[in-house]
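Structure, as structure tokens:
The values are calculated or read from the model by the stated rules, or taken from the named source; none is laboratory data. Owing to the predicted nature of the structure, the values given are computational and were not obtained by experimental measurement. No Cβ is skipped: glycine too gets one built from the backbone with ideal geometry, and neighbour counts run over all protein chains shown.
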Amino acid sequence: MTAITPASLLQMRSAILQQNSALQKAAGAGVPGVSPAQPAAATSFTGAMKTALAQVNDFQAKADTASTSYEKGETTDIAAVMLAREQASVGFQATLQVRNKLLSAYKDIMSMPV
């Protein structure tokens, strides 16, 4: 095992920076069929929550539609129905967990002495 020296750390840092710049150049040059990444727009917490709730609502609506069409005999793909129902369930459970954490944080803040 070799000892870590300041010189070896600087050498490793230099190698990492070179690899990083090479990756950035490759991403900037563009890969055929892949669009370059756009910087994420700054969103508020309220906007993020509205978007997440809308997605959960969409998952639940799709699961309901898939279940109804399966019950009517319009589709026979039980795997797709179960997948849609599971996506809706996971999204709903995640939403409940976020709500519980928010309520817990609110209670903690309200019980703080002023």
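Things worth noting here:
- Any hit, segment 29-42, residues being modelled with pLDDT of 90 or more and either of a type in the set (A, V, I, L, M) or under 23 Å from the mean Cα position of the chain (by Cα) (or both): no
- Of all the criteria given as (1) surrounded by 13 or more Cβ atoms within 10 Å (Cβ to Cβ); (2) modelled with pLDDT of 90 or more; (3) under 26 Å from K101 (Cβ atoms), the one not satisfied by M49 is (2).
- A3 modelled with pLDDT under 80, assigned to a loop (DSSP other than H, G, I, E, B) and under 30 Å from Q93 (Cβ atoms): no
- Within segment 61-76, being in a helix (DSSP H, G or I) and touching a Ser or Thr at 6+ places or on another chain (Cβ under 9 Å) holds for A63, A66, S69, Y70.
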